Amino acid sequence: MSTSELPTQATERPDDIEAVPVRHPWRWVAAVVVLLIAASIVRSIIVNPNFGWHLVGQYLFDQRVLNGVVKTLELTVLSMLIGVVLGVLLAIMRQSPNPIVSGASWLYIWFFRGTPLLLQIYFWFNITALFRTIDLGVPFGPAIIHANGNTLITGFVAALLGLGLNEGAYMAEIVRGGFLAVNEGQTEAAQSLGLSRLQTMRHVVLPQAMRVILPPTGNEAISMLKNTSLVSVIALFELLYTVEQIYSVNYKPIPLLIVAAIWYLAMTSVAYVGQYFIERRFGRGFSRAEQATMKERWLGFGNRGQ
Amino acid sequence: MSEPMVKAEGVHKRFGRLEVLKGINLEVKRGEVMCLLGPSGSGKSTFLRCINHLEKINSGRLSVDGELVGYRESGGKLYELHDREIIQKRSEIGMVFQQFNLFPHMTAAQNVMLAPIQVKGQRRAQARDRAVELLGQVGLSDKVDTYPVALSGGQQQRVAIARALAMEPKLMLFDEPTSALDPELVGDVLDAMRQLAHQGMTMIVVTHEIGFAREVGDTVVFMDEGVVVESGNPADVLDNPRHSRTQTFLHKVL
């Protein structure tokens, strides 16, 4: 046999297989059922006047609602910031060889994960019942900052404390999981090069842990967007409390709750897109293949190769 | 005669109840290439890790370049070294691992540059020039800006060698550097090590590559069950082993 007859040398492509595909009648049945249910829901949404769509349109960009949206965003960003910083700190403390330091971290996480967030928010709002004045300074020593409890703990500060300190406990566990996911060999290699513990953490462990930490942190941020609605119980004008105030006057709860739902959905959707780009940034060096694009992910390609 | 680079006297190491090193005595001279052979579990890697204080020894004396590892001796008493001092001494010893342990989030050059910038305070540009030069020496001029995931095992291990060399170490430790490699990739890594040996680097190499030990090693040490069974120049140990344990081992690997 001569080499010119090798199949790779062939210039003609063979015909694609033509076969009768397998029929899937039940898929059609399921699709029809789902579409019927969806159609009836859509119909009721359009036909039922109690949805009050004209009111939804009227209040969607109402100045008070917009202020509530801004307040919700502020609360989310600041609480997450407190949570992330606290979480990293607690996770590092948890790894400390000093048992008092690691024990303190454990105790913190135990307490804040073991009690309801709503209770914690109420607690911080009422902290002035416990401390009339608040002194910051050397323990058992002179105070550096002295303040009246009621002026310092405003509703906003109580909300931040409630959401942020609680989030810190959850973030600590997420960050710790990220540290544990980094191979021990990485730490050893860094140490053998003469990097200190802190440098190893900063340049080797944290950047790699980020890849593991980020997806759940994104989920936490999205949860936080929604959990901020809990602080409506302490009369803070975030999105939910704002619409509650409006419908307590005009007695149209459904349209106003729809307004709030639309805003929450819009914010979580934007957060989802942001999460995708941040994850891609920290995924560098971990995948040989090109990362799946947003479009591919939405369509469910990429990871199934279908 | 100058002081040996590494000197071990009666070095013991236990992990809980398990005694891994049971009194190691050996000396590595400056510029010498010592190959440590022995079955797995014989304590070779543990001994290597004791030298740069990744493991703490339980008894005996271990010194590098005339200074005790992990302790300072003064007035007949031993004082534990501060973390800072241990780190300083580690930075003078290069180590290459079986699993390469490259930093996956950094390119080849960034892997090599990290320690010179962070530990020695070198400027970026200077560290980068040196990294490119070192990567060239191990035959990876075209992989400078490649992430480890896109490199073969042999290429990764050569980056790891360049990374260790960037700290200008006085001693290099190799912990089974070719054991995780596909057979056809072993040669390039051994070439890089051979070149290093010819430049006069003091090296301790834990390996199963008998051919490399014979050709490049100045001394071959055979360890088993936590003790040095025999040592000497490669021809003697590898071709005329005196102990039955060495004979059995060599018979299995050759």
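Find the helices (runs of 4 or more DSSP H) located wholly in segment A:111-183 whose residues include 2 or more that are within 15 Å of A:ILE82 (Cβ to Cβ), and list them.
Working: elements: A:117-125, A:149-152, A:155-181.
Passing ranges, in order: A:117-125, A:155-181.
Being in contact (Cβ under 8 Å) with a residue 12 or more places away in the chain and hydroxyl-bearing (Ser, Thr, Tyr) is a property that A:TYR241 has. Whether a residue is surrounded by fewer than 19 Cβ atoms within 10 Å (Cβ to Cβ) and closer than 20 Å to B:VAL237 by Cβ was assessed, and B:ASP218 passes this test. Of B:LYS120, B:LYS89, which residue is touching a residue at least 12 places away in the same chain (Cβ under 8 Å), within 11 Å of chain A (Cβ to nearest Cβ) and under 17 Å from B:LEU173 (Cα atoms)? When all the criteria are applied, what remains is B:LYS89. Counting residues in segment B:105-116 that are part of a loop (DSSP other than H, G, I, E, B), under 25 Å from A:VAL182 (Cβ atoms), in contact with a helix residue (DSSP H, G or I) (Cβ under 9 Å, 6 or more places away or on another chain) and of a type in the set (Gly, Ala, Ser) gives zero.
When segment B:64-76 is filtered for residues that are among the aliphatic types (A, V, I, L, M) and within 14 Å of chain A (Cβ to nearest Cβ), the ones remaining, listed by number, are B:VAL64, B:VAL69.
Residue under question is A:ILE45, and the condition is that it be at pLDDT below 90, β-branched (Val, Ile, Thr), surrounded by 10 or more Cβ atoms within 10 Å (Cβ to Cβ) and on the phi < 0 side of the Ramachandran plot; does it hold? Yes: the conditions hold for A:ILE45.
In this structure, does B:GLY94 turn out to be in a strand (DSSP E or B) and either among the acidic types (Asp, Glu) or within 17 Å of the chain's Cα centre (by Cα) (or both)? Please lay out each step first, then the result.
Working: in a strand (DSSP E or B): yes; either among the acidic types (Asp, Glu) or within 17 Å of the chain's Cα centre (by Cα) (or both): yes.
Yes.
Kindly establish whether B:ALA125 is away from chain A (no Cβ under 12 Å) and part of a helix (DSSP H, G or I). Walk me through it before giving the result.
Numbers: away from chain A (no Cβ under 12 Å): yes; part of a helix (DSSP H, G or I): yes.
Criteria met by B:ALA125.
Among the residues of segment B:45-68, just one is over 19 Å from B:GLU19 (Cβ atoms) and touching a Ser or Thr at 6+ places or on another chain (Cβ under 8 Å), namely B:ASN52.
Filter segment A:61-72 for residues that are aliphatic (A, V, I, L, M) and surrounded by fewer than 16 Cβ atoms within 10 Å (Cβ to Cβ); which is nearest to A:LEU236 (Cα to Cα)? Talk me through it step by step, then tell me what you get.
Keep residues of segment A:61-72 that are aliphatic (A, V, I, L, M), which gives A:65-66, A:69-70.
Still in the running and surrounded by fewer than 16 Cβ atoms within 10 Å (Cβ to Cβ): A:66, A:70.
Working: A:LEU66: 14, A:VAL70: 12 Å.
Among those that are aliphatic (A, V, I, L, M) and surrounded by fewer than 16 Cβ atoms within 10 Å (Cβ to Cβ), it is A:VAL70.
Cβ-Cβ distances below 6 Å connect the following pairs, each with a first residue in segment B:180-195 that is touching a residue at least 40 places away in the same chain (Cβ under 8 Å), a second residue that is buried (at least 20 other Cβ atoms within 10 Å of the Cβ) and assigned to a helix (DSSP H, G or I), and a separation of six or more residues or different chains: B:ASP188/B:GLY154; B:ALA192/B:ARG158; B:ALA192/B:ILE161.
Please enumerate the residues belonging to segment B:138-152 that are more than 14 Å from chain A (Cβ to nearest Cβ) and either surrounded by fewer than 17 Cβ atoms within 10 Å (Cβ to Cβ) or farther than 24 Å from B:HIS198 by Cα (or both). Passing the criteria: B:GLY139, B:SER141, B:ASP142, B:VAL144.
Checking A:GLY177, A:GLY164 one by one, the residue that is more than 14 Å from chain B (Cβ to nearest Cβ), of a type outside the set (Lys, Arg), without any contact (Cβ under 8 Å) to a residue 60 or more places away in the chain and within 30 Å of A:ARG280 (Cβ to Cβ) is A:GLY177 and no other.
Scanning segment A:183-225 for residues that are more than 25 Å from A:GLY164 (Cα to Cα) and more than 7 Å from chain B (Cβ to nearest Cβ) yields A:ASN183, A:GLU184, A:THR187, A:ALA190, A:ARG197, A:LEU198, A:THR200.
Here segment B:44-63 is the region considered, the condition is being over 13 Å from the mean Cα position of the chain (by Cα) and within 14 Å of another protein chain (Cβ to nearest Cβ), and the residue that is surrounded by the fewest Cβ atoms within 10 Å (Cβ to Cβ) is B:LYS56.
The values are calculated or read from the model by the stated rules, or taken from the named source; none is laboratory data. As the structure is a computational prediction, the values presented were derived from the model and not from experiment. Don't worry about glycine lacking a Cβ; one is built from the backbone with ideal geometry, like all the others, and counts go over all protein chains shown.
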